[in-house]
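Quick notes on the structure that follows.
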Amino acid sequence: MRVFEEEKKRALERLRRGGADEEVEELLQQINSLDEFFTTSSCSGRIALICLPEIGAKREARFIGKWHRPIRKEEVFAAMSDTPSSENGDIWLIAQSPIVHVACRSLEKATALLRIALEAGFKYSGIKAISKDKGKVVVEMMSTERMDVPLATDDVMLCNEAHLDFIVSKANFMLERGKGKLKRFCYRLRELE
């Protein structure tokens, strides 16, 4: 379908202009080289510090630190200290798994991609949307690694240094585990060629 090709061209242009996390570039190139697929968004997994004025206020949330690599406790403290106390609210450390959205030319192709994603460990994967008029099925691939931990509220630290060491080590473990799944997924993609 011509519409699919036009959307793929636009998506690849956005990717070229905006770039991607270094650790997910190979995977995106591999998917986008296949005629039946193109990526619409992606993240290789990240650890972030966010300020929330209150639970559920996603639009008002501010990132005060964001890393696509393992972090150190000192980086968390530095990011927190760089935030004016009047703007803090609640500070949360979050660790998120990789996420990749892929447009597929057909339900058959989406099902094949979804099988590979699930077998690579992306257990929270599924079909996100079906658009018959555009001739595409969007698959969302995501893993189970996720952690959301409140660290401070109104400038009051909620955990001691030993507990923060533990939180950071678990966040780093989750990040690395997710990146391992990306490598497995990339390897398994050869089945679609």
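Every number here is computed from the coordinates shown, using simple stated rules; none is lab data. No experiment lies behind these values; they were computed from the predicted model shown. Glycine also receives a Cβ, built like all others from the backbone with ideal geometry; neighbour counts cover every protein chain displayed.
Remarks
- When the square roots of the Cα gyration tensor eigenvalues are ordered a ≥ b ≥ c, the ratio a/c for the range 1-41 is 1.5 or more and a/b does not exceed b/c, which makes its shape oblate.
- A simple spin-label model places the labels of Ile94 and Thr153 1.9 nm from each other, with each point 7 Å out along Cα-to-Cβ.
- Cα shape, the range 111-193, gyration tensor, a/c 1.5 rule: oblate
- Above-threshold pairs, the threshold being 27 Å between Cα atoms, out of Lys66/Lys136; Lys73/Lys181; Lys66/Lys181; Lys73/Lys123: Lys66/Lys136; Lys73/Lys123
- Estimated D of the chain in µm² per second, where Rh is the Kirkwood radius over Cα pairs and Stokes-Einstein applies at 20 °C, 1.002 mPa s: 119 µm²/s
- Burial ordering of Ser97, Ser44, Ser106, fewest other beta-carbon atoms within 10 Å first: Ser106, Ser44, Ser97
- Here the Karplus relation 6.51 cos²θ - 1.76 cosθ + 1.60, evaluated at θ = phi - 60°, turns the backbone of the range 143-159 into coupling constants of 9, 8, 5, 7, 8, 10, 10, x, 9, 8, 9, 6, 6, 10, 5, 9, 9 Hz, with x for every Gly and Pro.
- Neighbours of His101 by Cβ distance under 10 Å: Lys/Arg scored +1, Asp/Glu scored -1, total 0.
- Under the shape rule built on the C-alpha gyration tensor, where the axes satisfy a ≥ b ≥ c, the range 89-141 is oblate, since a/c reaches at least 1.5 while a/b does not exceed b/c.
- In this structure the amide hydrogen of Ser106, modeled in the peptide plane, comes within under 5 Å of the amide hydrogens of Val137, none closer than 5 places in sequence on its chain.
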